[in-house]
Amino acid sequence: MTTLLQINASMNNSHGQSSRLASQFVAAFLKRDPDVKVVVRDVATAEPVPHLDAERFGAFITKPQDRSPAQEAVVAYSDALINELQQADVIVMGLPMYNFGVPSQLKAYFDHVARAGVTFKYTEQGPVGLLTGKRTYVFAARGGVYAGTPLDTQTGYVRDFLRFLGITDVTFVYAEGLAISTQSKETILAKAGAEIAELAA
Ligand SMILES: Cc1cc2nc3c(=O)[nH]c(=O)nc-3n(C[C@H](O)[C@H](O)[C@H](O)COP(=O)(O)O)c2cc1C
C-alpha cells in the first residue's frame, strides 16, 4: 500500500492556500488510487515543531545509553517525525512564503529530521541522503511573484535540503501573486488547480 505524507506549514492550518492546494492534490491522488494511506503532519499549528536549540541538538548527539529521560523524549519526538518520512512513498508539502522565506516552523521541522546517521551520513565523497525512492510535490503559495528570480529564496533551499536527505524527485506547483487582486487570485488558484489535476492524472 502506498503511504502519502502531507506536510502542512501554514499559520492558517488547513485553511491556508498552500494547505488547500496540497489537500486538493491529495484528494485527486486518492481518486486515482483509493488504496493510499494518508498521514497529515501540521508543523505550524496542530503541533508546532519547537526550534532547535543547544539542548535539543545535544540530545541528538548524546550516545543512546548516556541520554537523560528528557533527552530521550527529545530524540523520540525527532524519531517520530523521521519515521513518518521513512514510511512515506509520496510526500506532499504545503509551502507558504512568509517574509521572503519558509515558515519558521518548517525550518524547525527540517532541523528535527536532518540527523547524521539516521537521514543522512557522511562519507569520503561527502554527505549522502538516506531517504531515497520518494516522490515529492510542493505547493508554494505566495502573495508576490518570484519564481525563477533571485527573490525566490524557497525553491532552491527546499530542493537542496530534500536532496541532502536523498529526496531528489521533487515537483513544484506555484500559486503566486495571491495578494495582487481578488480576480487574479481566482485565476491563479484555478491555474494551480489545473496543474494539480494534470499531475495527479
Ligand atoms: C506574515 C506574512 C508574511 C508574508 N510574506 C510574504 C513574502 O515575503 N512574499 C510573498 O510573496 N508573500 C508573502 N506573504 C503572503 C503569503 O505568501 C500568502 O498569503 C500565502 O497564501 C501564504 O500561504 P498560506 O495561505 O498557505 O498561509 C506573507 C503573508 C504573511 C501573513
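The values are calculated or read from the model by the stated rules, or taken from the named source; none is laboratory data. The structure presented is a predicted model; accordingly, all values stated were derived computationally and were not measured. Note that each Cβ is placed from the backbone with ideal geometry, even for glycine, and that neighbours are counted across all protein chains shown.
Tabulated results
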item	result
Test: residue in segment 24-43 that is basic (K, R) and either touching an Asp or Glu at 6+ places or on another chain (Cβ under 8 Å) or buried (at least 18 other Cβ atoms within 10 Å of the Cβ) (or both)	yes
Qualifying residues in segment 137-151 (those that are touching a residue at least 12 places away in the same chain (Cβ under 8 Å) and more than 17 Å from the chain's Cα centre (by Cα)) - the one farthest from the ligand (Cβ to nearest atom)	A147
Criterion (touching a Pro at 6+ places or on another chain (Cβ under 8 Å), among the basic types (K, R) and away from the ligand (no atom under 16 Å from the Cβ)) met by exactly one of K134, K121	K121
Output for segment 144-194, where each listed residue is of a type in the set (D, E, K, R) and surrounded by fewer than 17 Cβ atoms within 10 Å (Cβ to Cβ)	R159, D160, R163, D169, K185, E186, K191
Unique residue being in a loop (DSSP other than H, G, I, E, B), in contact with a strand residue (DSSP E or B) (Cβ under 9 Å, 6 or more places away or on another chain), buried (at least 19 other Cβ atoms within 10 Å of the Cβ) and not charged (D, E, K, R) when the list is L95, L131	L131
Single residue of segment 174-201 satisfying the filter (among the hydrophobic types (A, V, I, L, M, F, W, C) and in contact with a Leu (Cβ under 7 Å, 6 or more places away or on another chain)) that is nearest to A27 (Cα to Cα)	I196
Matching residues, segment 44-62, being crowded, with 17+ Cβ neighbours inside 10 Å and not β-branched (V, I, T)	A44, L52, R56, A59, F60
Residue match in segment 76-96 (condition: at pLDDT 95 or above, of a type in the set (D, E, K, R) and closer than 21 Å to T168 by Cβ)	yes
Among the residues listed as Q154, Q105, Q86, the single one being assigned to a helix (DSSP H, G or I), within 30 Å of S184 (Cα to Cα) and either in contact with a strand residue (DSSP E or B) (Cβ under 7 Å, 6 or more places away or on another chain) or more than 16 Å from the ligand (Cβ to nearest atom) (or both)	Q154
Q65 being surrounded by 12 or more Cβ atoms within 10 Å (Cβ to Cβ) and either within 16 Å of the ligand (Cβ to nearest atom) or not hydrophobic (A, V, I, L, M, F, W, C) (or both)	no
Tally of residues being more than 14 Å from the chain's Cα centre (by Cα), under 28 Å from Y77 (Cβ atoms) and either without any contact (Cβ under 8 Å) to a residue 60 or more places away in the chain or not in a helix (DSSP H, G or I) (or both) across segment 25-44	3
Selection from segment 59-83 of residues that are part of a helix (DSSP H, G or I) and more than 22 Å from L130 (Cα to Cα)	Q65, D66, P69, A70, Q71, E72, A73
Residue within segment 58-79 that is in contact (Cβ under 8 Å) with a residue 12 or more places away in the chain and touching a Leu at 6+ places or on another chain (Cβ under 8 Å) present	no
